[in-house]
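Structure first, then comments.
The values are calculated or read from the model by the stated rules, or taken from the named source; none is laboratory data. Keep in mind that what you see is a predicted model, and the values were worked out from it rather than measured. Ideal geometry is used to build each Cβ from the backbone, glycine not excepted, and the neighbour counts take in all protein chains shown. In case anyone asks, the SASA skips ligands and DNA or RNA and just uses the protein heavy atoms, side chains included. Shrake-Rupley method; radii C 1.70, N 1.55, O 1.52, S 1.80 Å.
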Amino acid sequence: MSVQNSDKTLSRKQRLQEKQRRQLAVVDTVDKAEAKVRKAEVELAVAVTEAVQVFGDEQSASEGLDMPLEAVRRFLVMAQGEAATADSVATADSVAGADGAP
């Protein structure tokens, strides 16, 4: 048998608010973790790209890194995408600054 203290019992509205607060906190935590994972993937993609250059080709890099060839290729594509995005941003920045506007 459990004894409940009526002073500690939350209203339905309070329980719902608490549940929503916890849900938002979890979503925020997941969002932050996803951002960290994305940053780490980009760093790994850059490192794999450098490894391919050092080892000479994708197959040699795959063997040297003990990483499946498909993973090496996936990271190379990711690095190319990041480079393209960076180029687009740089181009947009230079175009925006070309008219003398701040």
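Structural remarks
- Selection status of V26, modelled with pLDDT of 95 or more and either among the basic types (K, R) or open to solvent by 80 Å² or more (accessible area, probe 1.4 Å) (or both): yes
- Every residue from the range 62-79 that is farther than 12 Å from E41 by Cα, surrounded by fewer than 14 Cβ atoms within 10 Å (Cβ to Cβ) and of a type in the set (A, V, I, L, M): L69
- Among the residues making up the range 31-55, those that are more than 16 Å from the chain's Cα centre (by Cα) and open to solvent by less than 60 Å² (accessible area, probe 1.4 Å) are A47, V48, T49, A51, V52.
- Residue identified as at pLDDT 95 or above, of a type in the set (D, E, K, R) and surrounded by 10 or more Cβ atoms within 10 Å (Cβ to Cβ) among E82, E58: E58
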